[in-house]
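Student: Here you go, one structure.
The values are calculated or read from the model by the stated rules, or taken from the named source; none is laboratory data. Here the structure is a predicted model, which is why all the values come from computation and not from measurement. Glycine also receives a Cβ, built like all others from the backbone with ideal geometry; neighbour counts cover every protein chain displayed.
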Amino acid sequence: MQNLIFGTHKGLVASLRRPGGNCTGVSLLTTSLATKRLEILREVVPKGSVITILLNPNSASAQPQAEEVQKAARAIGQGVDILHAVNERDIETAFATIVQKQVGALIVGADPFFSSRIEQFVALAARYRIPAIYEWREFADAGGLMSYGSDRAEGYRQVGIYAGRILKGDKPADLPVVQSTKVEFVLNLKTARALGLTIPLPLLGRADEVIE
């Protein structure tokens with residue numbers, strides 16, 4: 001019996017509606033939010049600046065994220081550069097490349113490995129003064145500029161509800177995978193000031209939380 005949070009359900013269940021087998025859980029939005037991160041980042045960097053998206057090529061979500069961002073960028077005439085990283089050294093190299101190319105801002109792709117390197121990302125972005133947006137709020141809490149991603153607390157709450165139902169006798173295969181649609185936008189205003197950025201008031205107003 002399993003009750004899990006999935007970043008993507010590919011290969012784990014037959015479908016969200018009818019998972020089958022003995023597995024169900026909660027699916028969080030990941031790849032589909034890459035375009036929104038691009039839109040948010042464009043509001044705080046000068047027009048004409050190239051934006052880089054950093055992806056882990058070993059991740060199944062890397063290609064979909066790249067395609068989503070490139071499609072959105074073409075539609076609005078935004079220059080986008082793609083870099084890859086699969087380990088800590090690659091992350092360091094990616095930031096050096098960003099500085100060399102004078103890239104205007106960075107989107108850190110949704111990826112479990114990247115999420116395990118929060119302190120490294122935040123430190124490098126601060127050192128090189130690179131505006132960056134991340135997937136999880138933990139990045140913004142640690143000093144990152146912005147995060148836009150699924151509300152994991154809500155996902156865990158849904159998992160708890162399902163765990164209770166299964167303990168009371170419901171079969172996992174009969175419970176559709178819940179698609180959690182609640183997202184949160186967290187903005188670290190202290191970091192914005194350190195980077196010399198002026199955050200537009202409309203963007204401030206849309207933030208679910210502003211860290212000062």
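Student: Out of all the residues in region 117-146, which are at pLDDT below 95 and polar (S, T, N, Q)?
Tutor: Selection gives nothing.
Student: It is to be established whether one or more residues within region 135-143 are acidic (Asp, Glu), surrounded by fewer than 22 Cβ atoms within 10 Å (Cβ to Cβ) and within 20 Å of residue 197 (Cβ to Cβ).
Tutor: Here is the first cut: in region 135-143, the ones acidic (Asp, Glu) are 135, 138, 141.
Within this subset, residues satisfying the condition of being surrounded by fewer than 22 Cβ atoms within 10 Å (Cβ to Cβ) are 138, 141.
Pick out the ones that are also within 20 Å of residue 197 (Cβ to Cβ) and you get 141.
Yes, region 135-143 has at least one match.
Student: Tally time: how many residues in region 37-53 are in contact with a helix residue (DSSP H, G or I) (Cβ under 9 Å, 6 or more places away or on another chain), surrounded by fewer than 20 Cβ atoms within 10 Å (Cβ to Cβ) and not hydrophobic (A, V, I, L, M, F, W, C)?
Tutor: So the answer is 4.
Student: Given region 97-212, what helices (runs of 4 or more DSSP H) lie entirely inside it while holding 3 or more residues that are under 16 Å from the mean Cα position of the chain (by Cα) and of a type outside the set (Gly, Ala, Ser)?
Tutor: Correct list: 112-115, 118-127, 137-141.
Student: For residues in region 54-113 being acidic (Asp, Glu) and farther than 15 Å from residue 124 by Cα, which is surrounded by the most Cβ atoms within 10 Å (Cβ to Cβ)?
Tutor: 111
Student: Have a look at 132, 73 and point out the one that is under 17 Å from residue 186 (Cβ atoms) and among the aliphatic types (A, V, I, L, M).
Tutor: Sole residue among the options that is under 17 Å from residue 186 (Cβ atoms) and among the aliphatic types (A, V, I, L, M): 132.
Student: Can you tell me which of 42, 37 is closer than 19 Å to residue 203 by Cα and touching a Phe, Trp or Tyr at 6+ places or on another chain (Cβ under 6 Å)?
Tutor: The unique qualifying residue is 37.
Student: What pairs can you find where one residue is in region 58-74 and basic (Lys, Arg), the other is not in a helix (DSSP H, G or I), and their Cβ atoms are less than 9 Å apart, with a gap of 6+ or different chains?
Tutor: Partner pairs satisfying both residue conditions: 74/80.
Student: Within region 104-139, count every residue that is farther than 17 Å from residue 34 by Cβ and of a type in the set (A, V, I, L, M).
Tutor: Summing the residues that are farther than 17 Å from residue 34 by Cβ and of a type in the set (A, V, I, L, M) in region 104-139 gives 7.
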